[in-house]
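Everything below concerns the one structure shown next.
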Amino acid sequence: MKRSIVLIISIIATVIVGSIVYVIVNSSQPQSITFQFDPQIDSVTIGNDNDTAIAKVKNNQTVELQKGDYTYTPTGTYIDTKKTAFSVESSASTIVVPVTYTAAHLDTLAKEAEMAIAKQLTATYPAQMKGYEITNLTIFSDGKWGGVVLTPVGMDITAPVNYYRILIQPSGDSWKLNGKPQSILTIHTNQGVSSSILKKVNDLSPVSS
Amino acid sequence: MYNNRLSIAKTLIMLFFIVVVIVIAIALYFGITRSGTAKVSIVVAPADATVLVDGHKVSGDHVYLTEGEHTYLVSRDDFRSYGDSIDVSTDDSSEQYISAALVASNDTGREYAASVPDEYSAVLEVGGTEAQKRGEAYAKQHPITTKLPYTNPLFTIGYKSDQSQPDSDEIILTIRAVSVYRDNAINQIENWGYNPADFNIEFINEENPFL
């Protein structure tokens, strides 16, 4: 009887100890983290939770990281070097680093785009554009899309009315219109464009900052 | 005496097995013939009207139909015939109906219809259940409709079916607002947790010079 109890207790203890060892070993195993990004980004620097750089990776490069909290900072021409936090869990994963240009570069792109867009609007809507002007032209963070707000000439900025928004996109070295000016852009007015991009255009203010 | 009892017992056991075999055979027959079908209840007024499903006369208060669209015609002397179709689903656990309340075409029909009010009430009850089912399915497909119509002093948000796509269940959100409050209506849709860009939106009385 006593021997049976000792045997059962031994089995239970072995299972518990084994489980604890497995969890400890498994959690201390480094995980493969792959970084992917567009060619506009030269490299990405990985920092630990003490803000110390521990690795620098190129596109599609994999690093082994222990479970924990980290940051990554992209570098490249005109790339915003803002730190982004990420966590490594108990499995391998891929992190896609989005292209985010600096505000100064986006402003430059917007200035370059404005002339081309104004020209296209006047050519496409010659009669309407006599009464409208561009009050807000914004290029979004990755430089792949932008939005324009057209307001009636002389509109009272304290009570904006009859303004319309239009999506723009790069075309070669210039920019082109996507769809028609609308009060609100939707996946029905701009087919094939994601609603998250359209929301950015819809959120543009009719009053220039 | 003993032999007699034994013989009765044998007969009873035999009878029991025969009944079991018959029950199994019936269950198998219905299992095979009704597999892939759904029970569709028939509720018509007057209750003695003739019901044709896919051109075949059916009797009783229900029929088993295969998944898909089926046409039916309900007719009776002194009443106008009524025809429609039903889209039968074998996945639908709730009851499905063929229902029709025939309209009298002459005084004889009107007199008869007045004499069977319970039969017409039964059809109305089924109509209410079906309408509720349709409403629940619609709300599941377009959850924003549960918030609509929405009215405040600045704007009204409603919805209508998209007539340009009659074969689909797409909807168009309609916004009635003066220009200065259009963005307020859009913000209201965002406040409900939706991205307005995901919808087909129509501003009532908008005169967009660029379109």
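The values are calculated or read from the model by the stated rules, or taken from the named source; none is laboratory data. This one's a predicted model, so the numbers in the text were calculated from it and none came from an experiment. Don't worry about glycine lacking a Cβ; one is built from the backbone with ideal geometry, like all the others, and counts go over all protein chains shown.
Output the residues belonging to segment B:186-206 that are within 9 Å of another protein chain (Cβ to nearest Cβ) and outside any strand (DSSP E or B).
Hits for segment B:186-206 are B:Ile186, B:Glu190, B:Asn195, B:Pro196, B:Ala197, B:Asp198, B:Phe199, B:Glu206.
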Out of everything in segment B:50-94 that is in a strand (DSSP E or B) and charged (D, E, K, R), what residue ends up being surrounded by the most Cβ atoms within 10 Å (Cβ to Cβ)? B:Asp84
Could you tell me whether B:Ile189 is within 28 Å of A:Thr158 (Cβ to Cβ) and loosely packed, with under 14 Cβ neighbours inside 10 Å? no
Considering only strands (runs of 3 or more DSSP E) fully contained in segment A:22-77, which possess at least 2 residues that are in contact with a strand residue (DSSP E or B) (Cβ under 9 Å, 6 or more places away or on another chain), acidic (Asp, Glu) and surrounded by fewer than 16 Cβ atoms within 10 Å (Cβ to Cβ)? none
Let me spell it out: the conditions are (1) of a type outside the set (Phe, Trp, Tyr); (2) surrounded by 13 or more Cβ atoms within 10 Å (Cβ to Cβ); (3) within 20 Å of A:Ser208 (Cβ to Cβ), and A:Gly179 meets all of them except one. Which number is the exception? (3)
Would you check which residues across segment A:179-190 are more than 8 Å from chain B (Cβ to nearest Cβ) and more than 21 Å from the chain's Cα centre (by Cα) and list them? A:Gly179, A:Thr189
Filter segment B:100-121 for residues that are within 17 Å of B:Tyr72 (Cβ to Cβ) and surrounded by fewer than 17 Cβ atoms within 10 Å (Cβ to Cβ) and give the result. B:Val103
Go through A:Asp203, A:Asp142 for me and flag whichever is more than 10 Å from chain B (Cβ to nearest Cβ) and among the acidic types (Asp, Glu). A:Asp142
Given (1) assigned to a loop (DSSP other than H, G, I, E, B); (2) surrounded by 12 or more Cβ atoms within 10 Å (Cβ to Cβ); (3) within 9 Å of chain A (Cβ to nearest Cβ), where does B:Val180 come up short, assuming only one miss? (1)
Is it the case, given these coordinates, that B:Ile42 is of a type outside the set (Gly, Ala, Ser) and at pLDDT below 85? no
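Can you give me the number of residues within segment B:114-154 that are of a type in the set (A, V, I, L, M, F, W, C), under 30 Å from B:Ser179 (Cα atoms) and at pLDDT 85 or above?
Within segment B:114-154, residues that are of a type in the set (A, V, I, L, M, F, W, C), under 30 Å from B:Ser179 (Cα atoms) and at pLDDT 85 or above number 3.
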Could you check, for segment B:162-174, whether at least one of its residues is within 14 Å of another protein chain (Cβ to nearest Cβ) and assigned to a helix (DSSP H, G or I)? no
Which members of segment A:152-176 meet the condition of being over 20 Å from the mean Cα position of the chain (by Cα), crowded, with 21+ Cβ neighbours inside 10 Å and not in a loop (DSSP other than H, G, I, E, B)? A:Tyr164, A:Arg165, A:Ile166, A:Trp175
Pair list, Cβ < 8 Å and 6+ apart or interchain, from segment A:188-209 residues that are in contact (Cβ under 8 Å) with a residue 12 or more places away in the chain to residues that are of a type in the set (D, E, K, R): A:Val201/A:Arg165; A:Asn202/A:Arg165; A:Leu204/A:Arg165
For segment A:155-171, what are the residues that are modelled with pLDDT of 90 or more and of a type in the set (Gly, Ala, Ser)? A:Ser171
Please find, within segment B:38-49, the residue that is surrounded by the most Cβ atoms within 10 Å (Cβ to Cβ) out of those that are assigned to a strand (DSSP E or B) and not polar (S, T, N, Q). B:Val44
